[in-house]
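Written out below as structure tokens is the structure these notes cover.
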Amino acid sequence: MRIDGFEHETGAHCGSTSLRNLADHYDWDLSEPGCFGLGSGLGFVYLELPIDPWRMFIGRPLWLEKAFFENLSIPHTERRGDDWETAWSDVKRHLDAGDPVLVFVDLYYLDYYDTDTHFAPHSLLVVGYDEDADATEAPHADPDAGTGVAYMADSEFDEVQPLPLSSLREAWASKDMLPLDNRYIVTEGDPQADVGAAARDAIRETAQYMLDPATASRDTLGDTMGMGTHGLDGMHAFADSMAEWPDLEDPQWIARFAYQNVERRGTGGGAFRGLYAPFLDELGEAAGLDESFAEEMHGIAGDWSSLAAILYEASETDDDMAPLLDEAAERVHAVADREERFYEDVLAALE
């Protein structure tokens, strides 16, 4: 079965695309940048990993999707930690009732990507299933995939993708990067909050989190604040880590992955700042900010894109990459200082 009337469109980021698709499905009249910003979507988490690429950052907090539902006071169910049989049975029940289900997975196990890189959490919508389908006919499926597929609305693909249930089971329970624990969110009603007030709360939360992550109260994947270094401190830690990259395995790949996490991999450009700026264009005034804040965020996004070009150059060099990494690190520190001033000004304006 496939949910009647569901229409999928691609987007800039997996989480905000999924939320925008939900907004379209339920007629909430929200754009993708609007969904991103209303989910307190801007952030920074620096992680040291036990697998390649070893050093990684995410330009958004891990609570984007949860915060979207809570900031807009949308009735919803969120669950994590159930075994596969229980979680999948619940998802089918919601799908049968006509509600898309937002799930969080490791992209590595999504056969249609055909990738050997772990990346999580990747969020997307389950919009149907067929437990009798020949799963080996799904794109890039394993010959032993067996029967049963789920239909996935994924930000990177124009069409809804069939995914073997065996692959969804692995992707949904992956612990390779972060513990995902079969987590899902499903809508149970329409927004109850005023959009302008929700935007104001979301912008304030973003600024407070970036300046002082210890004030963050949301928790979506267990002890997320214990995973890595957050906020502006995370940005400085990311910059400082570059000095050690040449001594790690495959430093060119570390630099390329960092470049991708600024400009590609669903960021909207500029480490998500290129997605947050149009949110401020759209809803900043309703939240109580003048147009100068959106203009400044567009400039910050440009700074990130400029330093990403240096990371790309480092990833392409066969020579000593240390000078390029030094320059990139200096630019990260500089943009962190610029962002600090921005968030301080935001909080002053919203007092």
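Computed from the coordinates by the stated procedures, all read-outs in this text should not be read as laboratory data. This one's a predicted model, so the numbers in the text were calculated from it and none came from an experiment. All Cβ positions, even for glycine, are placed from backbone atoms using ideal geometry, and neighbour counts span all protein chains on display.
Numbers for the structure displayed
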{"item": "Exposure proxy order (Cβ contacts within 10 Å, fewest to most) of Arg273, Arg338", "result": "Arg338, Arg273"}
{"item": "Backbone HN-Hα couplings from phi across segment 191-197 [Karplus 6.51/-1.76/1.60, Hz, Gly and Pro as x]", "result": "x, 9, 8, 5, 5, x, 5"}
{"item": "Length-normalised contact order for the chain - Cα pairs under 8 Å, 6+ apart - percent", "result": "21"}
{"item": "Among Leu110, Leu95, Leu72 the positive-end extreme of the charge dipole of segment 59-134 (Cβ point charges)", "result": "Leu72"}
{"item": "Global geometry of segment 31-127, whether rounded, prolate or oblate, following the gyration tensor of its Cα atoms and the 1.5 cut on a/c", "result": "oblate"}
{"item": "Spin-label proximity, Trp253 to segment 53-83 - amide N less than 15 Å from point 7 Å beyond Cα toward beta carbon", "result": "53-56"}
{"item": "For the chain, alpha-carbon Rg relative to the globular expectation (2.2 N^0.38 Å, N residues)", "result": "0.98"}
{"item": "Segments 283-289, 210-216 sorted - mean Cβ within 10 Å per residue, highest first", "result": "283-289, 210-216"}
{"item": "Viscosity 0.692 mPa s, temperature 37 °C, Stokes-Einstein D of segment 195-349 from Kirkwood C-alpha radius, µm²/s", "result": "199"}
{"item": "Peptide ranges 317-324, 130-137 listed from the most packed, as the mean C-beta count within 10 angstrom indicates", "result": "130-137, 317-324"}
{"item": "Sites Glu327 and Glu295 - FRET efficiency at Förster radius 30 Å, r taken between beta-carbons, to 0.05", "result": "0.70"}
{"item": "5 Å-binned pair-distance histogram of segment 126-260 (Cα, whole percent)", "result": "2, 8, 10, 12, 14, 15, 15, 12, 8, 4, 0"}
